[in-house]
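The values are calculated or read from the model by the stated rules, or taken from the named source; none is laboratory data. Bear in mind that the values here come from a model prediction, so they are computed numbers and not experimental data. No Cβ is skipped: glycine too gets one built from the backbone with ideal geometry, and neighbour counts run over all protein chains shown.
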């Protein structure tokens, strides 16, 4: 089964990427894989404190994921899969795409700010030519209705 890989983070545009991926998966019979990356700089403390912070970060990610997972199950009949990795976000996203042959599309949300689409979109677009899958970039300011029409 072809999976849509979506990055879960604290950005507003992440919501539209999730919506788009869920709609595409539902319409094409695909699956959803949600990736969240814990950056290494969050744990540059004493070992014990770093371990506690790492576990708290994982708990926050799982709680955030469960909100999306419930919505995908209830509204779209999908059962998303969560992957949590630690490291530099772009490196970990690229590694996940390359390591999982079932991933068919990487879906990213673009920030609607005038500053640019966001660091993930900017950095991953540079690698687009060498990826084994296409990248779909979803504008962060599209409405639910617009997403439904294009998905």
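Please enumerate the residues belonging to the stretch 109-151 that are over 13 Å from residue 93 (Cα atoms) and in a strand (DSSP E or B).
Answer for the stretch 109-151, where residues must be over 13 Å from residue 93 (Cα atoms) and in a strand (DSSP E or B): 109, 110, 136, 137, 138, 139.
How about the stretch 19-37: which of its residues are crowded, with 24+ Cβ neighbours inside 10 Å and more than 23 Å from residue 90 (Cα to Cα)?
25
Tally up the residues in the stretch 4-18 that are more than 16 Å from residue 82 (Cα to Cα) and either touching a helix residue (DSSP H, G or I) at 6+ places or on another chain (Cβ under 7 Å) or surrounded by 21 or more Cβ atoms within 10 Å (Cβ to Cβ) (or both), please.
2
Scanning the stretch 99-126 for residues that are out of contact with any strand residue (DSSP E or B) (no Cβ under 9 Å at 6 or more places or on another chain) and modelled with pLDDT of 95 or more, which turns out farthest from residue 35 (Cα to Cα)?
The extreme case among them is 101.
Under the condition of being out of contact with any helix residue (DSSP H, G or I) (no Cβ under 7 Å at 6 or more places or on another chain) and farther than 20 Å from residue 18 by Cα, which residue from the stretch 96-127 is surrounded by the most Cβ atoms within 10 Å (Cβ to Cβ)?
The extreme case among them is 98.
Looking at 82, 94, which one is touching a residue at least 40 places away in the same chain (Cβ under 8 Å) and under 13 Å from the mean Cα position of the chain (by Cα)? So that I can check it myself, show each step before the final result.
Working: 94 fails: touching a residue at least 40 places away in the same chain (Cβ under 8 Å).
Only one candidate qualifies: 82.
Which pairs do you get when a residue that is free of Cβ contacts under 8 Å to residues at least 24 places away in the same chain, found in the stretch 112-140, comes within reach of a residue that is part of a helix (DSSP H, G or I), reach meaning Cβ atoms under 7 angstrom, with the pair 6+ apart or on two chains?
Listed by first residue and then by second, the contacts come to 116/122.
Name every residue in the stretch 128-149 that is surrounded by 13 or more Cβ atoms within 10 Å (Cβ to Cβ) and touching a strand residue (DSSP E or B) at 6+ places or on another chain (Cβ under 8 Å), in order of residue number.
Scanning the stretch 128-149 gives 131, 133, 135, 136, 137, 138, 139, 140, 147.
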